[in-house]
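The values are calculated or read from the model by the stated rules, or taken from the named source; none is laboratory data. Keep in mind the model is a prediction, meaning the values are calculated, not measured. Cβ placement follows ideal geometry from the backbone for every residue including glycine, while neighbour counts extend to all protein chains displayed. Heads up: the accessible areas ignore ligands, DNA and RNA and are worked out on the full protein's heavy atoms, side chains in. Shrake-Rupley method; radii C 1.70, N 1.55, O 1.52, S 1.80 Å.
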Amino acid sequence: MSAVSAQPEPETAAYVTALARRALQHWGIHDGEPELLKYRENAVFRVILPDGQPAAMRIHRLGYHTDAALRSELQWMGFLKSAGIATPSAVATQAGELFVHVSTAASVQPRQADCLSWLEGRAVGARGVPLDYTPEQARQVFTAIGRTIAHMHNVTAAWTPPAGFARHAWDFDGFFGASPNWGRFETSPFLDGARRELVFQAREKAVKALSEHERSARNFGIIHADLVRENVLVHDGAIRIIDFDDCGYGWHMYDLAVALYQNREEAIYPLIEAALLDGYRRERELTAQDIAALPLFSALRAFAFLGWVQSRVEGDITREVGQRMSAIAADVVIAYLRGE
(Lines give C-alpha, C1' and ligand atoms only; values in the text may rest on other atoms or scores of the structure.)
Protein backbone atom coordinates (compact mmCIF):
# COMPACT_ATOMS: atom_id res chain seq x y z
CA MET A 1 0.00 0.00 0.00
CA SER A 2 1.03 3.56 -0.43
CA ALA A 3 2.19 5.89 2.31
CA VAL A 4 -0.39 7.81 4.27
CA SER A 5 0.22 11.47 3.52
CA ALA A 6 -0.09 14.29 6.02
CA GLN A 7 -3.04 16.59 5.39
CA PRO A 8 -5.11 18.69 7.77
CA GLU A 9 -8.44 17.28 8.85
CA PRO A 10 -10.77 17.58 11.84
CA GLU A 11 -9.20 16.28 15.02
CA THR A 12 -11.81 15.88 17.71
CA ALA A 13 -12.66 13.04 20.04
CA ALA A 14 -15.96 12.61 18.21
CA TYR A 15 -14.18 12.39 14.87
CA VAL A 16 -11.66 9.71 15.87
CA THR A 17 -14.42 7.80 17.66
CA ALA A 18 -16.41 7.77 14.43
CA LEU A 19 -13.35 6.33 12.68
CA ALA A 20 -13.05 3.66 15.37
CA ARG A 21 -16.68 2.69 14.88
CA ARG A 22 -16.01 2.27 11.17
CA ALA A 23 -12.97 0.12 11.94
CA LEU A 24 -14.80 -2.24 14.32
CA GLN A 25 -16.55 -4.09 11.51
CA HIS A 26 -13.22 -5.30 10.11
CA TRP A 27 -12.71 -7.25 13.34
CA GLY A 28 -16.27 -8.59 13.31
CA ILE A 29 -17.48 -6.24 16.04
CA HIS A 30 -20.98 -5.05 15.19
CA ASP A 31 -22.59 -4.13 18.49
CA GLY A 32 -19.81 -2.83 20.73
CA GLU A 33 -18.90 0.80 21.37
CA PRO A 34 -15.21 1.82 21.40
CA GLU A 35 -14.11 3.39 24.72
CA LEU A 36 -11.66 6.25 24.20
CA LEU A 37 -8.69 5.81 26.56
CA LYS A 38 -6.04 8.14 25.17
CA TYR A 39 -6.20 10.91 22.63
CA ARG A 40 -2.68 12.15 21.97
CA GLU A 41 -0.54 11.19 18.98
CA ASN A 42 -2.78 8.22 18.27
CA ALA A 43 -6.30 7.75 19.55
CA VAL A 44 -6.44 4.55 21.61
CA PHE A 45 -9.71 2.76 22.39
CA ARG A 46 -10.65 -0.24 24.48
CA VAL A 47 -12.86 -2.59 22.47
CA ILE A 48 -14.30 -6.03 23.09
CA LEU A 49 -13.60 -8.64 20.43
CA PRO A 50 -16.23 -11.19 19.31
CA ASP A 51 -14.65 -13.82 21.60
CA GLY A 52 -15.23 -11.54 24.59
CA GLN A 53 -11.58 -10.55 25.03
CA PRO A 54 -10.60 -6.90 25.35
CA ALA A 55 -8.24 -5.30 22.84
CA ALA A 56 -6.68 -1.90 22.21
CA MET A 57 -7.70 -0.27 18.93
CA ARG A 58 -5.48 2.49 17.59
CA ILE A 59 -6.52 5.15 15.12
CA HIS A 60 -3.15 6.40 13.95
CA ARG A 61 -2.27 10.05 13.50
CA LEU A 62 -2.18 11.07 9.89
CA GLY A 63 1.17 10.99 8.15
CA TYR A 64 3.46 9.76 10.93
CA HIS A 65 4.06 6.27 9.52
CA THR A 66 3.80 4.78 6.08
CA ASP A 67 1.98 1.47 5.76
CA ALA A 68 5.36 -0.26 5.49
CA ALA A 69 6.54 1.37 8.72
CA LEU A 70 3.38 0.43 10.62
CA ARG A 71 3.58 -3.14 9.37
CA SER A 72 7.21 -3.24 10.49
CA GLU A 73 6.30 -2.02 13.98
CA LEU A 74 3.76 -4.81 14.32
CA GLN A 75 6.23 -7.38 12.97
CA TRP A 76 8.87 -6.40 15.51
CA MET A 77 6.33 -6.53 18.34
CA GLY A 78 5.30 -9.99 17.21
CA PHE A 79 8.91 -11.13 17.20
CA LEU A 80 9.53 -9.73 20.68
CA LYS A 81 6.48 -11.51 22.04
CA SER A 82 7.67 -14.78 20.53
CA ALA A 83 11.07 -14.20 22.17
CA GLY A 84 9.55 -13.86 25.63
CA ILE A 85 9.13 -10.08 25.94
CA ALA A 86 5.70 -9.21 27.34
CA THR A 87 4.29 -6.92 24.65
CA PRO A 88 0.94 -6.59 22.91
CA SER A 89 0.54 -8.49 19.65
CA ALA A 90 -1.42 -7.57 16.57
CA VAL A 91 -4.97 -8.93 16.34
CA ALA A 92 -5.62 -9.61 12.67
CA THR A 93 -8.86 -8.59 10.98
CA GLN A 94 -11.33 -11.19 9.78
CA ALA A 95 -9.58 -10.92 6.41
CA GLY A 96 -6.19 -11.61 8.01
CA GLU A 97 -4.84 -8.03 7.73
CA LEU A 98 -2.65 -6.45 10.41
CA PHE A 99 -4.34 -3.08 9.92
CA VAL A 100 -6.88 -1.34 7.72
CA HIS A 101 -7.62 2.12 6.36
CA VAL A 102 -10.81 3.81 7.55
CA SER A 103 -12.48 7.08 6.69
CA THR A 104 -15.69 9.02 7.14
CA ALA A 105 -17.52 11.44 4.88
CA ALA A 106 -15.53 14.23 6.53
CA SER A 107 -12.13 12.59 5.95
CA VAL A 108 -9.52 14.21 3.77
CA GLN A 109 -7.35 11.09 3.90
CA PRO A 110 -8.06 7.61 5.28
CA ARG A 111 -6.48 6.71 8.61
CA GLN A 112 -4.68 3.54 9.63
CA ALA A 113 -6.42 1.46 12.30
CA ASP A 114 -5.18 -1.64 14.07
CA CYS A 115 -6.03 -3.79 17.10
CA LEU A 116 -3.57 -5.02 19.72
CA SER A 117 -4.02 -7.66 22.38
CA TRP A 118 -4.85 -6.21 25.80
CA LEU A 119 -2.20 -6.22 28.51
CA GLU A 120 -3.17 -5.84 32.14
CA GLY A 121 -0.77 -3.97 34.38
CA ARG A 122 -0.10 -0.80 36.35
CA ALA A 123 1.96 1.89 34.66
CA VAL A 124 5.23 2.59 36.48
CA GLY A 125 4.08 6.18 36.84
CA ALA A 126 2.65 9.21 35.10
CA ARG A 127 4.27 12.29 33.60
CA GLY A 128 4.77 15.01 36.19
CA VAL A 129 3.52 12.90 39.12
CA PRO A 130 6.06 11.85 41.80
CA LEU A 131 6.63 8.11 42.08
CA ASP A 132 4.91 6.39 45.01
CA TYR A 133 7.48 3.63 45.52
CA THR A 134 9.59 3.03 48.59
CA PRO A 135 13.33 2.99 47.81
CA GLU A 136 13.34 -0.82 47.88
CA GLN A 137 10.31 -1.05 45.60
CA ALA A 138 11.93 1.41 43.18
CA ARG A 139 15.12 -0.66 43.20
CA GLN A 140 13.21 -3.81 42.32
CA VAL A 141 11.09 -2.17 39.62
CA PHE A 142 13.93 -0.37 37.84
CA THR A 143 16.26 -3.35 38.06
CA ALA A 144 13.53 -5.38 36.35
CA ILE A 145 13.06 -2.66 33.73
CA GLY A 146 16.80 -2.63 33.01
CA ARG A 147 16.83 -6.40 32.57
CA THR A 148 13.83 -6.22 30.23
CA ILE A 149 15.42 -3.53 28.07
CA ALA A 150 18.63 -5.56 27.81
CA HIS A 151 16.62 -8.68 26.91
CA MET A 152 14.90 -6.68 24.15
CA HIS A 153 18.25 -5.54 22.80
CA ASN A 154 19.77 -9.02 23.03
CA VAL A 155 17.05 -10.87 21.14
CA THR A 156 16.70 -8.13 18.53
CA ALA A 157 20.44 -8.15 17.83
CA ALA A 158 20.05 -11.78 16.74
CA TRP A 159 16.94 -11.11 14.63
CA THR A 160 16.85 -10.68 10.87
CA PRO A 161 13.99 -8.31 9.99
CA PRO A 162 11.71 -9.48 7.16
CA ALA A 163 11.95 -8.08 3.66
CA GLY A 164 10.45 -4.62 3.42
CA PHE A 165 11.08 -3.78 7.06
CA ALA A 166 11.18 0.01 7.37
CA ARG A 167 11.39 2.24 10.43
CA HIS A 168 12.72 5.72 11.03
CA ALA A 169 16.06 6.16 12.80
CA TRP A 170 17.03 7.88 16.03
CA ASP A 171 20.45 8.56 14.58
CA PHE A 172 22.29 11.83 13.93
CA ASP A 173 19.76 13.01 11.35
CA GLY A 174 16.87 11.87 13.57
CA PHE A 175 17.97 14.45 16.14
CA PHE A 176 19.93 17.11 14.23
CA GLY A 177 19.11 16.66 10.56
CA ALA A 178 17.00 18.93 8.37
CA SER A 179 13.80 17.15 9.47
CA PRO A 180 14.26 15.64 12.95
CA ASN A 181 11.81 12.91 13.93
CA TRP A 182 10.04 15.11 16.48
CA GLY A 183 10.60 18.49 14.89
CA ARG A 184 13.26 21.20 15.13
CA PHE A 185 13.97 22.42 18.64
CA GLU A 186 15.48 25.61 17.23
CA THR A 187 12.02 27.01 16.51
CA SER A 188 10.68 26.44 20.02
CA PRO A 189 8.79 29.51 21.29
CA PHE A 190 9.41 28.47 24.88
CA LEU A 191 13.11 29.34 25.11
CA ASP A 192 13.96 32.77 26.49
CA GLY A 193 17.08 34.64 25.37
CA ALA A 194 19.60 33.52 28.00
CA ARG A 195 18.40 29.93 28.13
CA ARG A 196 18.17 29.78 24.34
CA GLU A 197 21.84 30.74 23.98
CA LEU A 198 22.91 27.98 26.39
CA VAL A 199 20.76 25.43 24.57
CA PHE A 200 22.42 26.33 21.27
CA GLN A 201 25.86 25.99 22.88
CA ALA A 202 24.81 22.56 24.14
CA ARG A 203 23.73 21.65 20.63
CA GLU A 204 27.27 22.28 19.36
CA LYS A 205 28.68 20.04 22.09
CA ALA A 206 26.12 17.29 21.41
CA VAL A 207 26.60 17.42 17.63
CA LYS A 208 30.34 16.91 18.03
CA ALA A 209 29.95 14.15 20.61
CA LEU A 210 27.31 12.23 18.65
CA SER A 211 29.22 12.49 15.37
CA GLU A 212 32.19 10.87 17.11
CA HIS A 213 30.25 8.28 19.12
CA GLU A 214 30.64 4.59 18.31
CA ARG A 215 27.93 3.14 16.12
CA SER A 216 28.14 -0.61 15.71
CA ALA A 217 26.05 -3.75 16.08
CA ARG A 218 27.21 -3.80 19.70
CA ASN A 219 25.44 -0.59 20.68
CA PHE A 220 23.05 0.31 17.83
CA GLY A 221 19.95 -1.50 16.59
CA ILE A 222 16.16 -1.46 16.73
CA ILE A 223 15.01 0.24 19.94
CA HIS A 224 11.71 1.15 21.55
CA ALA A 225 12.72 4.84 21.86
CA ASP A 226 9.85 5.86 24.16
CA LEU A 227 10.19 3.88 27.39
CA VAL A 228 8.51 6.53 29.51
CA ARG A 229 6.69 5.59 32.72
CA GLU A 230 3.30 5.27 31.02
CA ASN A 231 4.67 2.75 28.51
CA VAL A 232 6.10 0.36 31.09
CA LEU A 233 3.59 -1.75 33.00
CA VAL A 234 4.12 -3.87 36.10
CA HIS A 235 1.93 -6.95 36.49
CA ASP A 236 2.51 -9.57 39.19
CA GLY A 237 6.06 -8.31 39.53
CA ALA A 238 6.82 -8.69 35.82
CA ILE A 239 7.53 -5.93 33.30
CA ARG A 240 5.36 -5.40 30.24
CA ILE A 241 6.15 -2.96 27.42
CA ILE A 242 3.55 -1.10 25.37
CA ASP A 243 3.31 1.71 22.76
CA PHE A 244 5.89 0.98 20.08
CA ASP A 245 4.76 3.90 17.92
CA ASP A 246 8.20 5.57 18.02
CA CYS A 247 10.36 2.45 17.69
CA GLY A 248 13.15 2.54 15.14
CA TYR A 249 16.88 2.22 14.69
CA GLY A 250 18.99 3.88 17.35
CA TRP A 251 21.62 3.61 20.05
CA HIS A 252 20.78 1.25 22.89
CA MET A 253 21.77 3.91 25.40
CA TYR A 254 18.92 6.08 24.14
CA ASP A 255 16.41 3.53 25.49
CA LEU A 256 18.08 3.74 28.91
CA ALA A 257 18.24 7.55 28.82
CA VAL A 258 14.53 7.77 27.98
CA ALA A 259 13.64 5.35 30.79
CA LEU A 260 15.46 7.64 33.23
CA TYR A 261 14.39 11.02 31.84
CA GLN A 262 11.11 11.48 33.73
CA ASN A 263 12.74 10.42 37.00
CA ARG A 264 15.44 13.07 37.16
CA GLU A 265 13.56 15.14 39.75
CA GLU A 266 12.95 12.21 42.08
CA ALA A 267 14.80 12.40 45.42
CA ILE A 268 15.94 8.80 44.89
CA TYR A 269 17.11 9.36 41.31
CA PRO A 270 20.66 8.05 41.99
CA LEU A 271 19.11 4.80 43.25
CA ILE A 272 16.82 4.59 40.19
CA GLU A 273 19.69 5.12 37.76
CA ALA A 274 21.93 2.61 39.53
CA ALA A 275 19.15 0.00 39.60
CA LEU A 276 18.30 0.43 35.91
CA LEU A 277 21.94 0.13 34.83
CA ASP A 278 22.54 -2.81 37.19
CA GLY A 279 19.54 -4.64 35.77
CA TYR A 280 20.73 -4.00 32.22
CA ARG A 281 24.24 -5.25 33.03
CA ARG A 282 22.82 -8.54 34.34
CA GLU A 283 21.71 -9.32 30.77
CA ARG A 284 23.96 -7.28 28.46
CA GLU A 285 27.35 -5.59 28.69
CA LEU A 286 27.71 -1.86 29.25
CA THR A 287 31.16 -0.40 28.69
CA ALA A 288 32.65 2.60 30.45
CA GLN A 289 32.11 4.51 27.19
CA ASP A 290 28.42 3.61 27.26
CA ILE A 291 28.00 4.90 30.80
CA ALA A 292 29.94 8.07 30.04
CA ALA A 293 27.57 8.76 27.13
CA LEU A 294 24.42 8.68 29.26
CA PRO A 295 24.35 12.49 29.74
CA LEU A 296 24.64 12.89 25.96
CA PHE A 297 21.65 10.64 25.31
CA SER A 298 19.65 12.35 28.05
CA ALA A 299 20.36 15.65 26.28
CA LEU A 300 19.25 14.12 22.97
CA ARG A 301 15.95 13.17 24.56
CA ALA A 302 15.62 16.75 25.80
CA PHE A 303 16.37 18.19 22.35
CA ALA A 304 13.72 15.87 20.90
CA PHE A 305 11.21 17.03 23.53
CA LEU A 306 11.85 20.69 22.69
CA GLY A 307 10.85 19.87 19.12
CA TRP A 308 7.91 17.69 20.16
CA VAL A 309 6.30 20.11 22.59
CA GLN A 310 5.82 23.03 20.23
CA SER A 311 3.77 20.98 17.78
CA ARG A 312 1.47 19.64 20.53
CA VAL A 313 0.57 22.85 22.36
CA GLU A 314 -3.16 23.61 22.31
CA GLY A 315 -3.64 20.12 20.94
CA ASP A 316 -2.36 17.25 23.09
CA ILE A 317 -1.11 19.59 25.84
CA THR A 318 -1.84 23.07 27.16
CA ARG A 319 0.52 25.98 26.68
CA GLU A 320 1.30 25.93 30.40
CA VAL A 321 2.30 22.26 30.26
CA GLY A 322 4.33 22.93 27.13
CA GLN A 323 6.18 25.74 28.88
CA ARG A 324 6.94 23.53 31.87
CA MET A 325 8.09 20.56 29.78
CA SER A 326 10.29 22.81 27.66
CA ALA A 327 11.87 24.36 30.76
CA ILE A 328 12.70 20.89 32.10
CA ALA A 329 14.16 19.87 28.74
CA ALA A 330 16.24 23.04 28.53
CA ASP A 331 17.58 22.44 32.04
CA VAL A 332 18.63 18.89 31.05
CA VAL A 333 20.43 20.24 27.99
CA ILE A 334 22.14 22.98 29.99
CA ALA A 335 23.24 20.46 32.63
CA TYR A 336 24.82 18.45 29.82
CA LEU A 337 26.60 21.57 28.55
CA ARG A 338 28.02 22.23 32.01
CA GLY A 339 29.00 18.63 32.59
CA GLU A 340 26.68 18.27 35.56
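On C-alpha positions alone, give me the angle between the axis of helix 269-281 and the longest principal axis of the chain, in degrees, nearest 10.
Tilt of helix 269-281: around 70 degrees.
Starting at 0 and stepping by 20 Å, how many percent of the alpha carbon pairs of the chain end up in each bin?
Reading the bins upward from 0: 30, 60, 10.
Using the beta-carbon distance between residue 53 and residue 83 and R0 = 30 Å, what value does 1/(1 + (r/R0)^6) give for FRET efficiency, to the nearest 0.05?
0.85
Kindly provide the GluC sites (Glu not before Pro) of the range 48-136 that DSSP labels as loop, not H, G, I, E or B, and whose Cβ sees at most 15 other Cβ atoms within 10 Å.
Those satisfying the criteria are 97, 120.
What is the extension gain from residue 159 to residue 249, computed as 0.36 nm multiplied by their sequence separation minus the C-alpha to C-alpha distance, in nm to one decimal?
Difference between extended and current length: 31.1 nm.
About its Cα centre, what dipole magnitude does the range 106-217 give when the only charges are +1 on Lys and Arg Cβ and -1 on Asp and Glu Cβ, stated in debye to the nearest 20?
The calculated dipole for the range 106-217 is roughly 40 debye.
Show me the three semi-axes of the equivalent ellipsoid for the range 174-262, from the C-alpha gyration tensor (sqrt of 5 times each eigenvalue), largest first, rounded to whole Å.
Computed over the range 174-262, the values are 28, 18, 12 Å.
For the range 1-134, which whole percent of the accessible surface, found with a 1.4 angstrom probe, sits on carbon and sulfur atoms?
53
Positive end of the dipole of the chain, charges at C-beta (+1 Lys, Arg; -1 Asp, Glu), about the Cα centre: which of 165, 322, 135 has its Cα farthest in that direction?
Projecting each Cα onto the dipole axis, the largest value belongs to 165.
Along its three principal axes, how long is the range 93-170 when you only count alpha carbons? Whole Å, largest extent first please.
53, 36, 29
Fully extended, how many nm does the chain gain between residue 33 and residue 208 (0.36 nm per residue separation, minus their Cα-Cα distance)?
My answer for the length gained is 57.8 nm.
For the chain, what is the mean residue ellipticity at 222 nm derived from helices alone (per DSSP H run of n ≥ 4: -39500 (n - 2.57); sum divided by total residues; nearest 500 deg cm²/dmol)?
Rounded to the nearest 500, it is -13500 deg cm²/dmol.
Hand me the trypsin sites (Lys or Arg not before Pro) from the range 279-340 located in a DSSP loop with no more than 14 other Cβ atoms within 10 Å, in residue order please.
282
As I understand it, the value is the acute angle between the Cα axis of helix 67-82 and the longest principal axis of the Cα atoms of the chain; what does it come to in degrees, rounded to 10?
The two axes meet at around 80 degrees.
Quick one: angle between helix 319-338 and the longest Cα principal axis of the chain, in degrees between 0 and 90, rounded to 10, please.
Computed tilt is about 40 degrees.
For the chain, what is the relative contact order in percent, using Cα pairs closer than 8 Å and at least 6 residues apart in sequence?
19
Take the Cα pairs of the range 218-317, get the Kirkwood Rh, then feed it into Stokes-Einstein at 4 °C and 1.567 mPa s and tell me D in µm²/s.
88
Suppose each label sits 7 Å from its Cα in the direction of the beta carbon; what would the residue 119-residue 97 distance come out to in nanometres?
2.6
Report, as a whole number in µm² per second, the diffusion coefficient that Stokes-Einstein gives for the range 124-166 at 20 °C and 1.002 mPa s using the Kirkwood radius over alpha carbon pairs.
165
Could you check the simple spin-label distance between residue 274 and residue 292, using points 7 Å along Cα→Cβ, in nm with one decimal?
2.3
Using the Cα centre as the reference, give the magnitude of the dipole from point charges on the C-beta atoms of the range 219-263 (Lys, Arg: +1; Asp, Glu: -1; all else neutral), rounded to the nearest 20 debye.
Approximately 140 debye in magnitude.
State the antiparallel share, in %, of DSSP beta bridges confined to the chain, rounding to the nearest 5.
DSSP beta bridges in the chain are roughly 90 percent antiparallel.
Using a Förster radius of 45 Å, what is the FRET efficiency between residue 327 and residue 216 based on their Cβ-Cβ separation? Nearest 0.05, please.
Here the calculated transfer efficiency is 0.80.
Roughly how many nanometres apart are two label points built 7 Å out from the Cα toward the Cβ at residue 46 and residue 238?
With each label point 7 Å from Cα toward Cβ, the separation is 2.1 nm.
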